[in-house]
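The values are calculated or read from the model by the stated rules, or taken from the named source; none is laboratory data. This structure is a prediction, so every number in the text was calculated from the model and none was measured. Neighbour counts are summed over all protein chains in view; Cβ atoms, including those assigned to glycine, are modelled from backbone coordinates with ideal geometry.
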Amino acid sequence: MSSVYLCHSEPDLYDFEAEVLEVRPGAVRLSRSALHPGGGGQVADLAGLEHAGGTAQIVGVRVEGDDVWHLLDDPGEPTGLTGTVRVRIDAEHRHRVAQLHTDSHILNALVFDAFDGALVSGAQINGDGTGRMDFDLPNVDNERLRSLEPAVNDIIGNGLTVRAQYVPVAEADTTPGLIRSLSVAPPPTPDGRLRVIEIAGVDRQACGGTHLRDTGESAGFRILKVENKGKHNRRVRFALDLPG
């Protein structure tokens, strides 16, 4: 699979047609996919699938080499799943994940600046509007991390532009702070470029996830808990401040 996802090049493509290439129990492979497959701690998109034999729900994505398999809610052998199908991505799910992923970049930038370039050692962005980030931060007062919540919300409220660009891998290797993770980095494109997300004046780092176009599109951000995970890791649990 190309690391230039269709959801990156056409982020507004939520409703599309595709041809069924192959089926197996609980999964279908299509001629194209605008779903984000997940990765780097982010969950995959969800979608509805309309086909000649009825409807199904896509509940996950599995990438196997160059093949993208859409995982179905029914683990059995698909019936009537042939020809042209229509896929409708769950826009609310995508938006929740994009909000939280964008907010996690803001938190990451604040931690990076406040704690001498501390790196991310793990992350999880869930579809229910909750997530967590682990930072390589030995001997840090957890209250200092909790105190970053108002600054995150200030940046959200400022409505800053969020944009994606591609830079040569060599630039990423020589630009301090462009790669912030100890363990995970987005794969380069076949022509040797890396996708970079920039929040105007706040953050610029390599990332393959889904994001907002403007920080002001996000709900409020809450830090729920800060935990010690081993001698080095501080785990920050957070959530969108969603109604209800």
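Tell me which residues, restricted to region 195-244, are small (Gly, Ala, Ser), modelled with pLDDT under 90 and in a loop (DSSP other than H, G, I, E, B).
230, 244
Hey, could you check region 67-86 for residues that are within 11 Å of residue 23 (Cα to Cα) and not aliphatic (A, V, I, L, M) and say which is surrounded by the fewest Cβ atoms within 10 Å (Cβ to Cβ)? Can you show your working first?
Filtering region 67-86 for residues within 11 Å of residue 23 (Cα to Cα) gives 69-72, 76-82.
Within this subset, residues satisfying the condition of being not aliphatic (A, V, I, L, M) are 69-70, 76-80, 82.
Numbers: 69: 20, 70: 27, 76: 8, 77: 10, 78: 20, 79: 12, 80: 10, 82: 14.
Only one residue fits best here, namely 76.
Can you name every residue in region 138-170 that is in contact with a strand residue (DSSP E or B) (Cβ under 7 Å, 6 or more places away or on another chain) and among the acidic types (Asp, Glu)?
Residue satisfying the conditions is 149 alone.
Considering only region 150-209, state which residues are under 19 Å from the mean Cα position of the chain (by Cα) and of a type in the set (D, E, K, R).
Answer for region 150-209, where residues must be under 19 Å from the mean Cα position of the chain (by Cα) and of a type in the set (D, E, K, R): 163, 180, 193, 195, 198, 203, 204.
Among 19, 64, which is the only one that is over 23 Å from residue 207 (Cα atoms) and either crowded, with 20+ Cβ neighbours inside 10 Å or not assigned by TED's automatic domain parsing to the domain that holds residue 179 (or both)?
Of 19, 64, the one residue that is over 23 Å from residue 207 (Cα atoms) and either crowded, with 20+ Cβ neighbours inside 10 Å or not assigned by TED's automatic domain parsing to the domain that holds residue 179 (or both) is 19.
Within the group 226, 169, which residue is closer than 26 Å to residue 147 by Cβ and aliphatic (A, V, I, L, M)?
None of the others qualify; the one that does is 226.
Can you spot a residue in region 170-191 that is β-branched (Val, Ile, Thr), at pLDDT 95 or above and surrounded by 18 or more Cβ atoms within 10 Å (Cβ to Cβ)? Let's see the steps before the verdict.
Of region 170-191, the ones β-branched (Val, Ile, Thr) are 174-175, 179, 184, 189.
With the extra rule that they be at pLDDT 95 or above, the set shrinks to none.
The answer is no; no qualifying residue exists.
Name the helices (runs of 4 or more DSSP H) wholly inside region 105-191 in which the number of residues that are among the hydrophobic types (A, V, I, L, M, F, W, C) is 3 or more.
In region 105-191, 149-157, 169-174 are the helices (runs of 4 or more DSSP H) which contain 3 or more residues that are among the hydrophobic types (A, V, I, L, M, F, W, C).
In region 25-58, which residue that is exposed (fewer than 14 other Cβ atoms within 10 Å of the Cβ) and touching a Pro at 6+ places or on another chain (Cβ under 8 Å) is farthest from residue 167 (Cα to Cα)?
Filtering region 25-58 for residues that are exposed (fewer than 14 other Cβ atoms within 10 Å of the Cβ) and touching a Pro at 6+ places or on another chain (Cβ under 8 Å), the one farthest from residue 167 (Cα to Cα) comes out as 53.
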